Amino acid sequence: MSEIIKLSEYSYCNNINAYSRFKTRIVNIGDIPLGGSYPIRIQSMTNTNTLNTKATVEQSIRMIEAGCEYVRITAPGIKEAENLLEIKNSLKQKGYHVPLIADIHFNPKAAEVAAAIVEKVRINPGNYIDKKNTGKFNYTDKEYDEELRKIKQGIAPLIKICKEHETAIRIGTNHGSLSDRIVSRYGDTPKGMVESAMEFIHICKELNFQNIVLSMKASNTRIMVEAYRLLVNRMMNEVINYPLHLGVTEAGEGEDGRIKSAAGIGTLLEDGIGDTIRVSLTEAPELELPVAKNIVERYNKRLQTETIIAKEHFQTNPFEYNKRNTYTVKNIGGNNVPIVIADLSNMQNITGTDLKANGYELSPITKKWKKKEHASDYIYVGNASYQLPEDAQILVNAAVYRQNLINKNVFPVFTKNEFIETLIKSELLNLIKISINELDDFFIAQIKTDPSIVLILETTSLDGMAEQRNAVFSLMANNCKVPIIIKREYKENNNEKVQLNVAIDFGALLIDGLIDGVWLCADNVDKSLINTIAFNILQATRSRISKTEYISCPSCGRTMFNIMEATAKIKEKTLHLKGLKIGIMGCIVNGPGEMADADYGYVGAGSDKVNLYKGKQVIKKGIPSSIAVDALIELIKENGDWIESGNNL
C-alpha cells in the first residue's frame, strides 16, 4: 500500500526523488480525455486567418497528421467564433474528428458563441472581464471584492453555455498579462499568476463547474516553472487537482526555441507535473508536433513510484530562484556563471576543426588560437596529451596529471578511490567523478573543507535528474559548499532528440540554481553541436547569457505580418548583441505583456503595421512592416545599446 506522507509547505509533486505523475481529475475534451492516467496529450495552434475556412482546415489537417490531438484556433471576434462551426464541419466531412479549442482574448461574447461549437475554450484571466492598463493600481478591500463580483457576473453566461454543451474551459494565465488589480496586490509574479487563476477557479466552483484545465505560461523558464509549482502546491492545499497544460510561451524558433521549451516543460514533467503540452515555436505549427512528441515519449510509458506525497528533502525554496552557495574554485562556483566542459577524450588527434567546434578561433594577426564567446571553459582529454591553445584550461585523468605537473593550465580528474589514495593533487583545482551511491556522509565530511575540489556528478539512471538533485540536496544538508558539475552521456544519433534530452536533464538543475557547470557527451553528434547545445541550455535557463535572447511568438490568426520572416531578419542583424532581449510579437495580445522583461519590442499593430517598444513603453507606432526592422535597429542605436559586429582577434 502507498505511503501517505504529511504535506509540507514546499510540496508540489508526488516525489522529488523519483518519477511519479501527479494525478489530476479527468476532463473530457470531445472524445479525447485529459488528465488522470491518460497519456500526456500534445497540441498546437493554427496561424491562419480564422475566417479563411479552407486555409484553416488544411493547416489543421497537417497538424493532426503530425500528431496533434487538440487543435486551437483564435477567435478574436464573434464572426471568427461563428466560423468555427464551418471549420469543424469541414474537418468532419474530411474524416477528422479532433477536438477544437477556441482561443479568446478580451471578448466574452466571442467566447460564449465559441463555447456552443467547440470542445474547449481558452480564456486569459488577465484580459477576460478583468482588465489591464486601467491606470488604477490602488484598490481598497471593498473595491477589490467588487471587481471579483463583476468577474463572477461576467463569466456566468459562459459557464452556463459550457455546462449545456459539456465544453471545457482552460484558464490560461500568462506572465505579463495579469490585470492591474492582481498586480496591485501581488505584482507581476508567479504568485500573482496563481492568485489570478485561483480566483477564477473559486468562481467556477461556486457556479458548480469543474470542467477546467489550467496553465501558467511565461517566456522566462524560471518564472514558468515557479508558477506551475506554486499552482500545484496551492491545489494540494485546497485538495483540488485540475489537469495542467504546459508551455513556455514565445519560446522562439530553431534550436533556441526547442531547447527553451524542453527546459521549461521538461523540468515540470520530470516531477510528474503536466497533462498536455504545447511547444510554441515561431515556425509552421505542424513543426511543433514532432518536438512535442519527442518530449512526451520520455514519460507516457515510464515506470513510476507509488508514493503519494514525497518525504521532503528540500534544501531550497522551489518557488523562487536562489543559486546554491558554493566555494569559488578558480572560475567555478561562487558568483561565477556555470562553466562548460568539452569532452575530447576519444579523439585520436585534436585538429583546428575540433577547436573551432568548441568556440576557438585562429587569429589572422597573431596566428594563435583564442577563445570566443562560446568557447568551452575546460577541455577534457582523458589519458591523452595534446598541444592545445595557450589559454586553454585542460583536464586530464589522474595518472596523466602526475606526469604533467609543469603545465599550470592542466588539472586532474579523479575517481573517488583515486582521490583518496593519491597524494599528488593540484593546489588550485581537483575534480572528482562520483555517483550518488558513492556520496556517503563520511566522504562528504572529508571533502567539505577543501577549497580546491569540484565534484562531477554522473548518472545512468532513468530518474537521473531527480537522483542528481537529491545528491546536491545531500551536500547542502551537510553544509558542503563544494561546486558541482553535472555530467550526462547520450547515445542517440538524432540531433533534435539530444537537444531536447539535454535541455530536460540539465534544465531543472540549472533553473533551481543547483549546479555550477555542464559536461555532456554525445559520440553520435557533431562536436560543434554539443558545444552549442551546452551554451543554449545555459541561455535558456538564464544561467549564463552569451548571446541575444529572442522572445518571439508562434503567431496565430491575429497576426497581420510575416512574423517568421521578420524574426529571421531581426536575428540576422542583432545576433551579436549579447545580453539584449528582443520581443517579436504578432499582435497586441502577445505584445507588451508577454514580452514583459524584453529590452525592445517589435509588435504587430494592424495590417502590415508594427509598433516598436523600449521596455514596456511604445516609442514608435504604425510603422510599415517593410521598414520596421531597420527602424528597430535605429531605436536600439538611439538608446546606446548597439555595438558593431566584427572580429576583434
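Here, each number is a calculation from the coordinates, and none is a lab measurement. Quantities reported herein were computed from a predicted structural model and do not represent experimental measurements. A quick note on method: Cβ atoms are made from the backbone with ideal geometry, for glycine too, and the neighbour counts reach across all protein chains shown.
Toward the positive end of the charge dipole of the chain, with +1 on the Cβ of Lys and Arg and -1 on the Cβ of Asp and Glu, the farthest Cα among VAL472, VAL396, PHE319 is that of PHE319. The amide H of VAL454, built 1.01 Å from its N in the peptide plane, has ASN430, LEU431, ILE432 as neighbours under 5 Å, considering only residues 5 or more places off or on other chains. Here the Karplus relation 6.51 cos²θ - 1.76 cosθ + 1.60, evaluated at θ = phi - 60°, turns the backbone of the range 422-438 into coupling constants of 8, 8, 7, 9, 7, 6, 9, 8, 10, 9, 10, 7, 7, 9, 4, 5, 8 Hz, with x for every Gly and Pro. A simple rule links phi to the HN-Hα coupling: the Karplus curve 6.51 cos²θ - 1.76 cosθ + 1.60 with θ = phi - 60°, which for the range 136-148 gives 10, 10, 10, 10, 6, 4, 5, 5, 4, 5, 5, 5, 5 Hz, with x for Gly and Pro. For ALA168, the residues whose amide H sits under 5 Å from its own are LYS120, VAL121, ignoring neighbours fewer than 5 places away on the same chain, with H placed 1.01 Å from N.
Antiparallel beta bridges, as assigned by DSSP with both residues in the chain, represent about 25 percent of the total such bridges. Given the alternatives [x] 88, 84, 54; [y] 78, 64, 54; [z] 76, 56, 48, Cα extents along the principal axes in Å as computed for this entry is given by [y]. Counting charges near LEU580 (Lys, Arg +1; Asp, Glu -1) among other residues having Cβ under 11 Å from its Cβ returns a value of 0.
Summing -39500 (n - 2.57) over the DSSP H runs of n ≥ 4 in the chain and dividing by its residue number, what mean residue ellipticity at 222 nm do you reach, to the nearest 500 deg cm²/dmol? Before the final figure, lay out the partial values.
Working: 18 runs with 224 residues, N = 649.
Rounded to the nearest 500, the figure is -11000 deg cm²/dmol.
Fully extended, how many nm does the chain gain between SER435 and SER645 (0.36 nm per residue separation, minus their Cα-Cα distance)?
71.2 nm is the gain from fully extending SER435 to SER645.
Select from ILE332, PHE106, GLN93 the residue farthest towards the positive end of the dipole of the chain; place +1 on Cβ of Lys and Arg, -1 on Cβ of Asp and Glu, and compute about the Cα centre. Highest projection toward the positive end goes to PHE106. Residues whose amide H falls under 5 Å from that of LEU395, counting only those 5 or more places apart or on a different chain, are ILE379, TYR380, VAL381, PHE411, with hydrogens built in the peptide plane.
Computed from phi, the 3J(HN,Hα) profile of the range 52-69 under the Karplus parametrisation 6.51, -1.76, 1.60 (θ = phi - 60°) reads 8, 4, 4, 5, 5, 5, 4, 5, 4, 5, 4, 5, 4, 5, 8, x, 5, 9 Hz, with x in place of Gly and Pro. Specify whether the C-alpha gyration tensor of the range 1-138 places it in the rounded, prolate or oblate class, a ≥ b ≥ c being the square roots of the eigenvalues: rounded for a/c under 1.5, otherwise prolate if a/b is larger than b/c and oblate if not. Oblate is the answer for the range 1-138, as a/c is 1.5 or above yet b/c matches or exceeds a/b. Charges were assigned to the Cβ only: +1 to each Lys and Arg, -1 to each Asp and Glu. The resulting dipole of the chain about its Cα centre is roughly 680 debye.
With axes computed from alpha carbons, what is the tilt in degrees of helix 625-638 against the longest principal axis of the chain, rounded to the nearest 10 within 0 to 90? Computed tilt is about 50 degrees.
Rounded to the nearest 10 degrees, the inclination of helix 254-270 to the longest alpha-carbon principal axis of the chain is 90 degrees.
Once C-alpha pairs closer than 8 Å and six or more residues apart are averaged by separation and normalised to the residue number of the chain, the relative contact order reads 14 percent. For the pair ASN494 and LYS368 in one chain, pulling the backbone fully straight at 0.36 nm per residue adds 41.9 nm over the alpha carbon distance.
The angle separating the long axis of helix 495-511 from the principal Cα axis of greatest extent in the chain is about 90 degrees.
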